[in-house]
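Reading through the structure tokens given below for one structure.
The values are calculated or read from the model by the stated rules, or taken from the named source; none is laboratory data. Given the structure is predicted, the values throughout are model-derived calculations rather than measurements. A quick note on method: Cβ atoms are made from the backbone with ideal geometry, for glycine too, and the neighbour counts reach across all protein chains shown. Surface accessibility is based on the protein's heavy atoms, side chains included, excluding ligands, DNA and RNA. Shrake-Rupley method; radii C 1.70, N 1.55, O 1.52, S 1.80 Å.
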Amino acid sequence: MTITADDFAWVSNLVQQRAGIQLEPGKEYLVESRLIPVAKRHGRSGLGDLVQLLRSYPDREIVNDLIEAMTTNETSFFRDVAPFEALRKTILPRLVQRRSARRRLRIWCAASSSGQEPYSLGILLLEHFPEVAKSWDFRFLATDLSRHMVQRCLLGEYTRFEVGRGLSPQLRERYFEPRDNSFVVVEPLRRLVEFRTMNLCEPWPSMEAQDLVLVRNVMIYFDVPTKQRILQQVRRILQPDGFVLLGTAESMSYMQNEFEREALEGTSVYSPTALPKTK
């Protein structure tokens with residue numbers, strides 16, 4: 001182990017402030033393995049040299065590279081299955097019924113990683129709710145902290161291993177085109193989703209009201225105050241009869257006065273609690 005306790009504390013504090021990610025003692029090996037390549041990429045002799053540079057001159061480009069290197073981007077198509085069953089059987093049918101008069105729907109995937117989650121939802125919409133996807137006033141936004149991940153989403157190119165995780169051969173055939181040793185998202189699916197960079201821990205841009213928000217498998221990396229702050233902002237932009245989906249290992253036990261839980265298809269779905277009436 002070459003990272004000093006002081007350098008580890010500095011990196012941990014930076015990552016906590018910028019990305020809400022907690023790096024507890026014992027994670028020194030993780031910091032080293034992910035940041036030594038960043039140091040080499042920027043011409044530094046080692047991790048200590050990189051930290052010394054950033055302490056004296058916090059170059060935005062290098063700081064962004066550091067933060068992105070410390071984020072985890074594990075994902076797969078139709079991850080966990082149950083949430084997508086709840087979307088297909090209950091959540092989306094409810095929203096389609098409630099929005100049928102205006103024919104307007106807004107969806108936000110708040111931690112899109114390399115794109116498998118938003119593209120999975122896009123496939124679900126095209127398969128089971130094609131009229132919404134093709135003829136409604138429909139907008140599907142997907143965001144991620146990492147610029148590199150957003151670029152991957154925009155490319156929509158996945159390895160044979162990646163498309164083998166969660167995609168049936170039939171769906172792969174319909175929504176992906178083979179290219180050398182990879183598979184590329186077909187244009188109708190690609191056009192369905194708008195991808196942007198966005199850091200949930202920094203001030204949010206102006207956003208229109210959302211009907212469905214997926215903030216899955218990202219809250220587990222945050223401390224409770226950060227989780228509360230993010231979910232309070234989600235509640236403010238969520239329609240009163242909208243829905244929120246978290247990851248399978250996540251809950252809103254610390255937000256009981258803000259959201260109500262409903263068990264659907266083996267997963268938990270959350271809706272905003274009724275706002276108190278003002279006099």
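Summary of values
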{"quantity": "Residue within the stretch 135-148 that is within 15 Å of VAL215 (Cβ to Cβ) and modelled with pLDDT under 95 present", "calculated": "yes"}
{"quantity": "Strands (runs of 3 or more DSSP E) wholly inside the stretch 170-279 containing at least 3 residues that are over 23 Å from GLU68 (Cα atoms) and either open to solvent by 80 Å² or more (accessible area, probe 1.4 Å) or in contact with a strand residue (DSSP E or B) (Cβ under 6 Å, 6 or more places away or on another chain) (or both)", "calculated": "176-179, 182-185, 210-214, 238-245, 259-264, 267-272"}
{"quantity": "Per-region count, the stretch 48-62, residues open to solvent by 20 Å² or more (accessible area, probe 1.4 Å) and either of a type in the set (D, E, K, R) or over 27 Å from the mean Cα position of the chain (by Cα) (or both)", "calculated": "10"}
{"quantity": "Subset of the stretch 1-15 [free of Cβ contacts under 8 Å to residues at least 24 places away in the same chain and either open to solvent by 40 Å² or more (accessible area, probe 1.4 Å) or of a type in the set (Gly, Ala, Ser) (or both)]", "calculated": "ALA5, ASP6, ALA9, SER12, ASN13"}
{"quantity": "Qualifying positions in the stretch 85-100 - within 17 Å of PRO240 (Cα to Cα) and buried (at least 21 other Cβ atoms within 10 Å of the Cβ)", "calculated": "ILE91, LEU92, LEU95"}
{"quantity": "Scan of the stretch 31-47 for residues that are open to solvent by 40 Å² or more (accessible area, probe 1.4 Å) and either touching a residue at least 12 places away in the same chain (Cβ under 8 Å) or small (Gly, Ala, Ser) (or both), ordered by number", "calculated": "SER33, ARG34, PRO37, ARG41, HIS42, GLY43, SER45"}
{"quantity": "Odd one out for ARG103 among (1) free of Cβ contacts under 8 Å to residues at least 60 places away in the same chain; (2) touching an Asp or Glu at 6+ places or on another chain (Cβ under 7 Å); (3) surrounded by 18 or more Cβ atoms within 10 Å (Cβ to Cβ)", "calculated": "(3)"}
{"quantity": "Single unsatisfied condition, SER33 versus (1) modelled with pLDDT of 80 or more; (2) within 18 Å of the chain's Cα centre (by Cα)", "calculated": "(2)"}
{"quantity": "Subset tally (residues that are of a type in the set (Gly, Ala, Ser) and either touching a His at 6+ places or on another chain (Cβ under 8 Å) or buried (at least 17 other Cβ atoms within 10 Å of the Cβ) (or both)) for the stretch 63-84", "calculated": "2"}
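Yes/no matrix, rows are residues, columns are (1) in contact (Cβ under 8 Å) with a residue 40 or more places away in the chain; (2) farther than 18 Å from VAL185 by Cα; (3) surrounded by fewer than 20 Cβ atoms within 10 Å (Cβ to Cβ):
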site: ALA111; (1), (2), (3): yes, yes, no
site: GLY115; (1), (2), (3): yes, no, no
site: ILE123; (1), (2), (3): yes, no, no
site: LEU126; (1), (2), (3): yes, no, yes
